[in-house]
Amino acid sequence: MSSSLRNQRLKTIEMISSINKDLRSKGHRLTLELKRDSIWIRGTFPMSDGTKSRKYISTGLKADPKSAPLAEIRAIAFLTAIKETGSVPDPLPWENKKIDKSGYPKIKVKDAILQLKEEFFGVDTKNPISRNNTWKTMAYGLSKLNPDAYLTSDYLASMIIEGSKNENGITMDNTKKKLKQYYKRLGNLVGLPDIKTLDKIEVVYEPTTRNAPDMKDLLDLAVTAISHDRYGWLTACMIIYGCRPSEALSLFPNANGTAKVLTIKKKKGLPTWRTTMALPKDFPEKLNLIDQISRPIEFKNPSDFDPVASKKITDQWGRWIKKYDPELQLYDLRHSWARRSIIEGVPSGLASKCLGHSITVFEKTYLSTTSEKDVVDYLNRS
């Protein structure tokens, strides 16, 4: 055996050992083992005749570092199938499902998602953390599908429409765009013959224009809400620094009136740091935002960002803030900072950088709602 093959074998053994440790910590009663040039599942499993038998189950994967993460996925899928059927499944979850000539797939959503996950993680990447975060975001969209439904293009089309509505029944265009992207990829993977029908679903994105709550009321809200342990500090920081809701979980104020915050947008790659500033500049000290950071979770590094955990927190926060005003949305807090920056005479280029926007989006989103009162406030500013 050459030294490169030996090193590859040792790396695979190390990865399998780590995976087995993780499986045991989660209470999964099976083990992955290397047998010759393949990865196998070993354990005692219930059989269809009601007995239990010690078995080696082939994962169908080669014994190499690239296949080790896929073997873990298949091991968990194997246990899930046993839990659902009561015995070792036949066929195994990762064995290809066939599509009949009528165009209706003999594959359930959960099996297609398993194949998609394997394909997704089966490609080499230089940034595994970013890949994991991307998958978490995709998995959240895929979780809107019924795992036991049979996969058809009609079903996917209907779920793009239904899954993109918020709790008030309003269609969220960006969510619609993402679901269309994920579901089309899923359908293409298993070869749905009429998957192109999803292209007929229109997605039109325009920057959202919002009603403009009174800015003084929102500054008063920052003072009133700050005492709330879970969302008070976050609320004040959105109003004072203009960050996005998910970004407030990574915001760190400085004594000089600036703050560093991760720019979190719906695009590939890890978030990146940017600098924003306090408006009004005396509020961080007034509300003790620098020394009294209080939030449910925080992301100190770009690699820490968890899109699923972030969305869970911001959804709860968005519901909480409505106790102050049923019409109030979290993005109204960010919007107020943008309007304040206009009144204070902050250059559009600097304001857009602080917000993590392009100048074009800044002007289209925020200048379009400038009111007569905003103009008067600008003229009367000290």
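The values are calculated or read from the model by the stated rules, or taken from the named source; none is laboratory data. Values in this document were obtained by computation on a predicted structure and should not be read as measured data. Virtual Cβ from ideal backbone geometry, glycine too; neighbours counted across all protein chains shown.
Would you point out which residue out of 39, 16, 57 is within 29 Å of the chain's Cα centre (by Cα), at pLDDT 90 or above and on the phi < 0 side of the Ramachandran plot?
16
Could you list all residues from segment 329-359 that are closer than 16 Å to residue 244 by Cα, surrounded by fewer than 16 Cβ atoms within 10 Å (Cβ to Cβ) and in contact (Cβ under 8 Å) with a residue 24 or more places away in the chain?
Once the filter is applied, which keeps residues that are closer than 16 Å to residue 244 by Cα, surrounded by fewer than 16 Cβ atoms within 10 Å (Cβ to Cβ) and in contact (Cβ under 8 Å) with a residue 24 or more places away in the chain, segment 329-359 yields only 331.
For the condition within 22 Å of residue 352 (Cβ to Cβ) and either among the small types (Gly, Ala, Ser) or modelled with pLDDT of 95 or more (or both), what is the one hit in 303, 310, 246, 227?
Values: 303 fails: within 22 Å of residue 352 (Cβ to Cβ); 310 fails: within 22 Å of residue 352 (Cβ to Cβ); 227 fails: within 22 Å of residue 352 (Cβ to Cβ).
Answer to the selection: 246.
Taking segment 185-210 as the search range and keeping residues that are surrounded by 16 or more Cβ atoms within 10 Å (Cβ to Cβ) and not in a loop (DSSP other than H, G, I, E, B), which one is modelled with the highest pLDDT?
Looking at the filtered set, the residue picked out is 186.
If a residue counts only when it is surrounded by 12 or more Cβ atoms within 10 Å (Cβ to Cβ) and among the polar types (S, T, N, Q), which strands (runs of 3 or more DSSP E) contained entirely in segment 13-78 have at least 2 such residues?
Counting at least 2 such residues, we get 52-62.
If you check residue 72 against the conditions, is it over 25 Å from residue 108 (Cβ atoms) and modelled with pLDDT of 85 or more?
In short, no.
Applying the selection to segment 268-314, what residues are surrounded by fewer than 13 Cβ atoms within 10 Å (Cβ to Cβ) and among the acidic types (Asp, Glu)?
Result: 282, 291.
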